[in-house]
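Computed from the coordinates by the stated procedures, all read-outs in this text should not be read as laboratory data. Since the structure is predicted, the reported quantities are computational estimates derived from the model, not experimental observations. Positions of Cβ are backbone-derived with ideal geometry, glycine not excepted, and every protein chain shown enters the neighbour counts.
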Amino acid sequence: MALNYDGVIEKYEPTLGLEVHVELNTNTKMFCGCSTEFGAEPNTQTCPVCLGLPGSLPVVNEVAIESAIKIGLALNCSIAPFSRFARKNYFYPDMPKDFQISQYDEPICVNGFLDVEIDIDEGTKSFRVEIERVHMEEDTGKSLHVGGATGRIHGAEYSLLDYNRAGIPLMEIVTKMIPGTEKYAPQVARAYVTELRDILRSLGVSDVKMEQGSLRCDANVSLSPRGSGKLGTRSETKNVNSLRSVERAIHGEMIRQGNLLENGERIIQETRHFLEESGETRPGRSKETAEDYRYFQEPDLVPVAPEASWIEEIRATLPERPSVRRKRLQAEWAVPDKEMTAMINAELLDTVEATVKLGADPTKARTWWLGEISRVANEKEVEATSLMNPAQVAEVIGLVASGELTDKLARQVVEGVIAGEGSPREVIEKRGLKVVSDDSALMAAIEAAISSQPDTAQRVRDGNIPAAGALIGAVMKATGGQADAARVRELLLNHLGQGA
Amino acid sequence: MTFIYKSAAEMANALASKEISAVDLANEHFDRIESVDTDVHAFLYLDKEGALEQAKNVDAKRAAGEKLSPLAGVPLALKDVMAQRGIPTTCGSKILEGWRPPYDATVVTRLKDAGIVILGKTNMDEFAMGSSTENSAYGPTHNPWDLTRIPGGSGGGSSASLAAFEAPLAIGTDTGGSIRQPAAVTGTVGVKPTYGAVSRYGLVAFSSSLDQAGPCARTVLDAAMLHEVIAGHDKKDSSSINAPVPQVVAAAKKLDVKGMKIGVVKELGGEGFQKGVSERFNEALEELVKAGAEIVEVSCPNFEYALAAYYLIAPSEASSNLARFDSMRYGLRVGDDGSRGAEEVMSLTRQAGFGKEVKRRIILGTYALSSGYYDAYYGSAQRVRTLIMRDYEAAFAKADVLVSPTAPTTAFKIGEKANDPVAMYLNDIATIPVNMAGIGGMSLPCGLAPEDNLPVGFQIMSPAMKDDLMYQVGGTLEAALNSKWGSTLMSQAPALGAK
Amino acid sequence: MAAISRDEVAHLARLARIEMSSEELDHLASELDQILHAVDRVQEAAKDNVPPTSHPLPLKNVTRPDVVVASLSPQDALSGAPASDEQRFKVPQILGDAE
């Protein structure tokens, strides 16, 4: 009888390990001046260095070092005062030099941690994920397998190589073994990768797009029988390309391993590939012999020894950690959980914050961005932020607050700004959208309304206050919607002897 | 009258005074190559078109009165390990047959910018691994002093082209002696500058932490002039020295060593060195004494481990540097018949494309770096490297420059040591310590060994970044010996191509 | 140490991606044995208290600004390719998985 997830957890304890590769968003590659722009024509962003042509030499991108330090600091790592590059030697066609310049025993960042929270039935639970190292390396080229099943490596007749990606800076972020996650292991893994992604984005060092491969996760998991005190053999699952997949892959791998163990079989230490469709993993092609990477110091590069003062400078510029900031903003703005989540999912938190910083009321700012502007953006299939900027939204909110615009007029202003008619002021000007605040003008309209609906006016005089609505509507119509309805009501009721 | 027997400096003067045009000078050299290179086989490729084009440009600029670099219009032979855009670059290997780099090495860019006329690419031991040029996949080069003998290696093509008057200047590269030992056995001058003085960008790597390009010539001054063209900081090479180039031309012209202390390295001489080599070396020392230098003996006890350490470090780095020759992106591809996978095609290509010595060193390096052996071999070799640097430091505290014979013997017969790699490696015993420490080293001729009438090389070593000192001592010694002999050593070289 | 077996040489040849015939393996095993015997002596000299030197120059922090420079044209990039197609390097089928 096969074990399900709960059955596995009952008998075994999982230990996790996560390796995240993140492509930096530097302008140029790790060791040469070729562009890193995504999506270029094949082999248009290559040079002797990233093609590994004989005689070429690498030179380190200074921004990549700075990014590595930022990442290390954000993950509470120590930054090594002296660190070196090493060559990892193995043959593979997508790797132009047949070695990868990486870091081995002297990585730039070591010993950090990241606390993550997951939602459980009883509330939230916090886990500390310890970081072993962050190191710098270079990405490989991309191969296209032709013939056989389209795009698949197996059964292909030949392969076509594009080295545009070869040499793009990669940071490898490796956790220590994570014990004690128990049944939450898949969720913890997902929460870690999510938090890491948010941090990397807030640092501005990477596009962190899992679907484009700029953030990739390899998930290691092993099971040990409860109470055995022994660590199990781990498998490493590659090709985990979405947050959801991280959770699924670990979940699936735990079930697979649990059932193997249950049947008395051994777990093989191997690389497995995640299958997006089924949520299962398949084994990678096993190698005849264990790879021996023959690491040694890269003799073409010199050590990286960042000055302590530079590290401190970088530390001082680090942004607030995204999860902390979210909590702070939620409290400051008194946003309900649901709306907060909506704002985060719509990726409008920064925009709303910028709008608030310009003096807008937080609730109003949120409502405009998530409401009217997002609605139009969805219709047009564009980003909300491409329609208006925080300054324009703040201006509109300010005009409403000062009474220069009504909510209704404000909507027209926003419509005008989106239509490209200019700034809010210009739209007001062009469209003549002014609140009629001149009481005498309003009184004239009120008098007119009363004389055209004498019966209604009488009912109001008799105390039927709701009947005033029809008169107010007539005044609003007469003034083209530019009157402040509240003021009209006040004047009207006073006039008919029903003032407060 | 022909200009080919003149020094590069003399050619430069003749060009400047318009006694000869750069085009005519290049043609004279091509004629010479045509008449002697069948015997010498110094060149793997001649770029007549490119050379004459460059010569024509220089002549036009000179006619227009433009300011030119001192060596503008002077021909040069380029070791085939340097990438030159559009020109076949083989490194003496089958695996790179037909490869035309899409870029220029920094050295090549500087040569071109200086108006130097690159005649062609010279023969070498495959990927610079060897001391005889017998390991070239394209056949050996012959020593112009005796065509049955080796011209040294790996840069035998460059040194032979100078000794055969096929070119007045050449570029070499020196990982364990590949500039200096060929210079020694061909009676020419070869300089390995301080590591980092000349950019390695475009030099096809053998052992990255040891490789260094340098000038080869027939006189110390010519070498110095070429040195100043190719040296200097390069942003494309992380290990390039970012400091002004020492004034080596001025140093070569000083002709004064009064008060200088010359350290004779006890361990680089005596037993294992040919009698005539030691004799000529000692006579040269006397000339330096006469010129006012003081001779001191220094001891470098760890040099005895240098050879062993070198034959671990260089193959280790080479095993990694040469991995890229896998038939995927350039060069030879063998066995791609549609049925084989990339891995197998790589292995077959590397089997067919690499020669014996290269395979031997790749396997040795793979072994030295592999897990379980790293500490014992590669790790230990790196510690020896520290010891050698300490020995030099102590020696340079006692002497301004250090000296020794460049090679233990004169040129040996082609084929003589081909089947004994360890005996072959001993050729580099006196040159290797320089590379291990990254300091400067020069070889210049100090006479013919009486027993075989073949040239003997005198090695001068100077501290890192003080390359001018070896030029100063070398220039002085050369002048003293020429005046003692009444002519240059090269003028005694046998005539070639008397057809 | 020394004494390298034929099997070890075969393993190294696989690591180094060099196909070798049986004769080549035999020959190389005996040659490597000799060479290793000669280089073994580094171990006597290399005491633990001596730090290793990997590079002759004490340089550090050599970097370049993150500024794009011109790439090769794809024609130049592919100029040496034994085979190409669709502006890509054409290579035999890749059997193993990437790292």
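Along the range A:351-356 the Karplus relation, 6.51 cos²θ - 1.76 cosθ + 1.60 evaluated at θ = phi - 60°, assigns HN-Hα couplings of 5, 5, 4, 4, 5, 5 Hz to successive residues, with x for each Gly and Pro. The convex hull built on the alpha-carbon positions of the range A:5-310 has an orientation-averaged projected area of 17.4 nm². The alpha carbon convex hull volume per residue for the protein assembly as shown rounds to 232 Å³.
What the phi angles of the range B:221-232 give under the Karplus curve with 6.51, -1.76 and 1.60, with θ = phi - 60°, is a coupling list of 5, 4, 4, 5, 5, 5, 3, 5, 6, 8, 7, x Hz, glycine and proline written as x. I need to check one value: relative contact order of the range B:376-497, counting alpha carbon pairs closer than 8 Å and at least 6 residues apart, in percent. Relative contact order here is 25 percent. Going by the alpha-carbon gyration tensor, a ≥ b ≥ c the square roots of its eigenvalues, is the range B:166-315 rounded (a/c under 1.5) or, if a/c is not under 1.5, prolate (a/b greater than b/c) versus oblate? Because a/c hits 1.5 or more and a/b fails to exceed b/c, the range B:166-315 counts as oblate.
Treat every Asp and Glu Cβ in the range A:5-310 as -1 and every Lys and Arg Cβ as +1, leave all other atoms uncharged, and give the resulting dipole magnitude about the Cα centre to the nearest 20 debye.
The dipole of the range A:5-310 has a size of about 400 debye.
How many percent of Cα pairs in the range A:439-495 exceed 14 Å? Intermediate results must be reported in sequence, preceding the final value.
Details: 698 of 1596 pairs.
Tail fraction, whole percent: 44.
Working from Cα pairs under 8 Å separated by at least six residues, relative contact order for chain B is 18 percent. Figure legend: label point modelled 7 angstrom from the Cα of A:GLU211 along Cα→Cβ; residues of the range A:233-263 with amide N under 14 Å from it are A:241-245.
Counts of other chain beta carbons within 10 angstrom of each beta carbon in peptide A:180-192 average 0. Eigenvalues of the alpha-carbon gyration tensor of chain B, scaled by 5 and square-rooted, set the equivalent ellipsoid semi-axes at 31, 29, 21 angstrom, largest first.
For the range A:345-417, the equivalent ellipsoid derived from the alpha-carbon gyration tensor has semi-axes of 18, 15, 9 Å in decreasing order. By the count of neighbouring beta-carbon atoms within 10 Å, fewest first, A:MET1, B:MET225 end up ordered A:MET1, B:MET225. Put simply, the amide H of A:VAL240, placed in the peptide plane, has neighbours under 5 Å in A:CYS217, leaving out anything fewer than 5 places away on its chain.
When Rg and Dmax are taken over the Cα atoms of chain C, they come to 22.2, 57 Å. The eigenvalues of the Cα gyration tensor, multiplied by 5 and square-rooted, give the range B:393-499 an equivalent ellipsoid with semi-axes of 26, 22, 10 Å from largest to smallest.
Calculate the length of the line joining the C-alpha centroid of the range A:104-120 to that of the range B:288-363, in whole Å. Cα centroid of the range A:104-120 versus Cα centroid of the range B:288-363: 40 Å apart.
Can you work out the base-10 log of I(q)/I(0) for the range A:344-500 at q = 0.14, 0.17, 0.19 1/Å, using the Debye formula on its C-alpha atoms alone? Those come out to -0.75, -0.91, -1.02, one per q. Select from A:SER309, C:THR63, A:LEU24 the residue farthest towards the positive end of the dipole of the protein assembly as shown; place +1 on Cβ of Lys and Arg, -1 on Cβ of Asp and Glu, and compute about the Cα centre. The residue sitting most towards the positive pole is A:SER309. Computed over the range B:225-264, the alpha-carbon pair-distance distribution with 5 angstrom bins reads 5, 19, 18, 18, 14, 16, 7, 3, each value a whole percent. Residues whose amide H comes within less than 5 Å of that of B:VAL264, counting only those at least five positions distant or on another chain, are B:VAL296, B:GLU297, B:VAL298, B:VAL403 (H built at 1.01 Å from N in the peptide plane).
For A:ARG84, what charge total do you get from the other residues with a beta carbon under 12 Å from its beta carbon, if Lys and Arg give +1 and Asp and Glu give -1?
-2
Each residue in A:ASP292, B:ASP237 was given a count of other beta-carbon atoms within 10 angstrom of its own, and listing them fewest first yields A:ASP292, B:ASP237.
Per residue of the range A:373-389, what does 6.51 cos²θ - 1.76 cosθ + 1.60 with θ = phi - 60° give for ³J(HN,Hα)? Whole Hz please, x for Gly and Pro, Karplus curve as stated. For the range A:373-389, the Karplus-derived couplings read 5, 5, 4, 5, 4, 4, 4, 8, 6, 10, 6, 4, 6, 7, 8, 9, 10 Hz, x marking Gly and Pro.
One chain, two ends: A:GLU339 and A:LYS176. Fully extended at 0.36 nm per residue, the span grows by 55.1 nm beyond their Cα-Cα distance. Based on the alpha carbons, how large is the Rg to Rh ratio for the range A:37-175 when Rh follows Kirkwood? That ratio equals 1.09.
Name the residue farthest towards the positive end of the dipole of the protein assembly as shown from the options A:GLY204, C:ALA38, B:THR366, assuming +1 on Cβ of Lys and Arg, -1 on Cβ of Asp and Glu, about the Cα centre. After comparing all options, I get A:GLY204. Only Lys, Arg, Asp and Glu carry charge here, each on its Cβ (+1 for the first two, -1 for the last two); on that basis the range C:6-45 has a dipole of about 180 debye about its Cα centre. Any idea how far the Cα center of the range B:428-469 sits from the one of the range A:282-352, in Å? So the two Cα centres are separated by 54 Å. If R0 is 30 Å, the Cβ-Cβ spacing of A:GLN453 and A:ASP407 corresponds to a FRET efficiency of close to 0.70. Separation of the range A:392-463 from the range B:3-17 is 94 Å, based on Cα centroids. Taking amide H atoms as placed 1.01 Å from N in the peptide plane, the amide H of B:LEU454 lies under 5 Å from those of B:ALA449, each 5 or more residues away in sequence or on another chain. Between A:ASN389 and A:GLU313, the FRET efficiency estimated from the beta carbon spacing at R0 = 25 angstrom works out to 0.25. Would you work out which of A:ALA448, A:ALA331, A:ILE69 lies farthest towards the positive end of the dipole of chain A, given +1 charges on the beta-carbon of Lys and Arg and -1 on that of Asp and Glu, about the Cα centre? In chain A, that residue is A:ALA448. Only lysines eight or more places from B:LYS258 in sequence, or on another chain, were considered; those with a Cα closer than 17 Å are B:LYS290, B:LYS398.
Of the residues A:THR385, A:THR355, the one with the fewest other Cβ atoms within 10 Å heads the list, and the complete ranking is A:THR385, A:THR355.
What pairs from B:LYS94/B:LYS359; B:LYS56/B:LYS253; B:LYS61/B:LYS121; A:LYS29/A:LYS176; A:LYS327/A:LYS380 go past 20 Å between their alpha carbons? In this structure, B:LYS56/B:LYS253; B:LYS61/B:LYS121; A:LYS29/A:LYS176; A:LYS327/A:LYS380 exceed 20 Å between Cα atoms. Look at the alpha carbon pairs under 8 Å that are at least 6 residues apart: their mean separation over the length of chain A gives a relative contact order of 14 percent. Taking 7 Å steps out from each Cα toward its Cβ at B:GLU34 and B:GLU66 produces label points 2.9 nm apart.
Here the translational diffusion coefficient of the range A:1-105 follows from Stokes-Einstein with Rh set to the Kirkwood radius across Cα pairs; for 10 °C and 1.306 mPa s it amounts to 92 µm²/s.
Once you divide the Cα radius of gyration of the range C:6-45 by 2.2 N^0.38 Å, the number left is 1.32.
For the protein assembly as shown, the Cβ-based charge dipole about the Cα centre amounts to some 960 debye (Lys, Arg positive; Asp, Glu negative; other atoms uncharged). Checking Cβ-Cβ separations below 4.7 Å across chain A identifies A:CYS32, A:CYS34, A:CYS47, A:CYS50, A:CYS217 as cysteines lacking any candidate disulfide partner.
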